[in-house]
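Read the structure below first, then the notes.
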Amino acid sequence: TDEREEALALALAMRKALADSPDQTAALVTPDRALARRVRAELKRWNIDIDDSGGEPLSSSPYGVLARLVLACHGDLCKPAEWLALLAHPLVRLGLPRAELERLTRLLEIGVLRGIATDRSNLEALLSQARLAAADKHAHPAVKRISNEDWAALTTCVEKLVEALAPVQNLTGSAPLKEHIAAHRACLEKLTSTADEEHLLLDE
């Protein structure tokens, strides 16, 4: 039997137990977390939601996903796909309202990260090149619609992102583990800082 059939058989047995008696309960006890998740998914198809006492793996939680995205931005690994993945994460703020950051991320993708074939490792340089290209009469209409105010906001956003990633970007592979941990933590704090938190820091 394959993994899907095993999960389906267990889900059917639990569904039957619940259907036979409204007062009856059912539990699946297994050390296999993947199996437990598959059984839960099968039960959800019948609108049966169950508590998972094993909890959600940290790596799959919003904070865990963000932590892994930051790890992908070490050194030369960080490219446009990593930038966009970070900016798309719901916990990332960079001191901006989330709605504004989402708007600027769309402009960054349209105006900066599409169609530029030069070095794509320096985000600030890419932004400067894109802004110059937008003034060309042959530029795409969507790029031409980006206003000077939007370019200024994009510049600020990019500066904030580069500053936030600096702790992990500046690390060397030979740095002690505690330095990697400290850099990772500093990066996460800057990425998730809200406008209120930035205001507090400025007032200190």
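The values are calculated or read from the model by the stated rules, or taken from the named source; none is laboratory data. Source: prediction; values computed, not measured. With ideal geometry, Cβ positions are generated from the backbone for all residues, glycine too; neighbour counts draw on all protein chains shown. With ligands, DNA and RNA removed, areas are computed over all heavy atoms of the protein, side chains included. Shrake-Rupley method; radii C 1.70, N 1.55, O 1.52, S 1.80 Å.
Surrounded by fewer than 13 Cβ atoms within 10 Å (Cβ to Cβ) and at pLDDT below 85: which single residue out of P57, P80 fits that description?
None of the other options fit; the residue is P57.
Working only within the range 163-197, note down all residues that are assigned to a helix (DSSP H, G or I) and within 16 Å of the chain's Cα centre (by Cα).
A164, L165, H184, R185, C187, L188, E189, K190, L191, T192
For I146, indicate whether it is open to solvent by less than 70 Å² (accessible area, probe 1.4 Å), of a type in the set (V, I, T) and not in a helix (DSSP H, G or I).
yes
A quick yes/no check of all residues on (1) modelled with pLDDT under 90; (2) closer than 27 Å to P167 by Cβ; (3) in contact with a strand residue (DSSP E or B) (Cβ under 6 Å, 6 or more places away or on another chain):
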position	(1), (2), (3)
P62	yes, yes, no
A72	yes, yes, no
E102	no, yes, no
V112	yes, yes, no
A139	yes, no, no
D150	no, no, no
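Select from the range 22-48 the residues that are of a type in the set (K, R) and not in a helix (DSSP H, G or I) and list them in ascending order.
R45
Before we move on, is R33 at pLDDT 80 or above and at negative phi?
In short, no.
Within the range 122-142, can one find any residue that is in contact (Cβ under 8 Å) with a residue 40 or more places away in the chain, farther than 18 Å from E189 by Cα, assigned to a helix (DSSP H, G or I) and open to solvent by 30 Å² or more (accessible area, probe 1.4 Å)?
Checking the range 122-142: not a single residue is in contact (Cβ under 8 Å) with a residue 40 or more places away in the chain, farther than 18 Å from E189 by Cα, assigned to a helix (DSSP H, G or I) and open to solvent by 30 Å² or more (accessible area, probe 1.4 Å).
Just wondering, is there one or more residues in the range 85-92 that are at pLDDT below 85, in a loop (DSSP other than H, G, I, E, B) and under 30 Å from D150 (Cα atoms)?
The initial filter retains those residues of the range 85-92 that are at pLDDT below 85, namely none.
No; the residues of the range 85-92 include none that is at pLDDT below 85, in a loop (DSSP other than H, G, I, E, B) and under 30 Å from D150 (Cα atoms).
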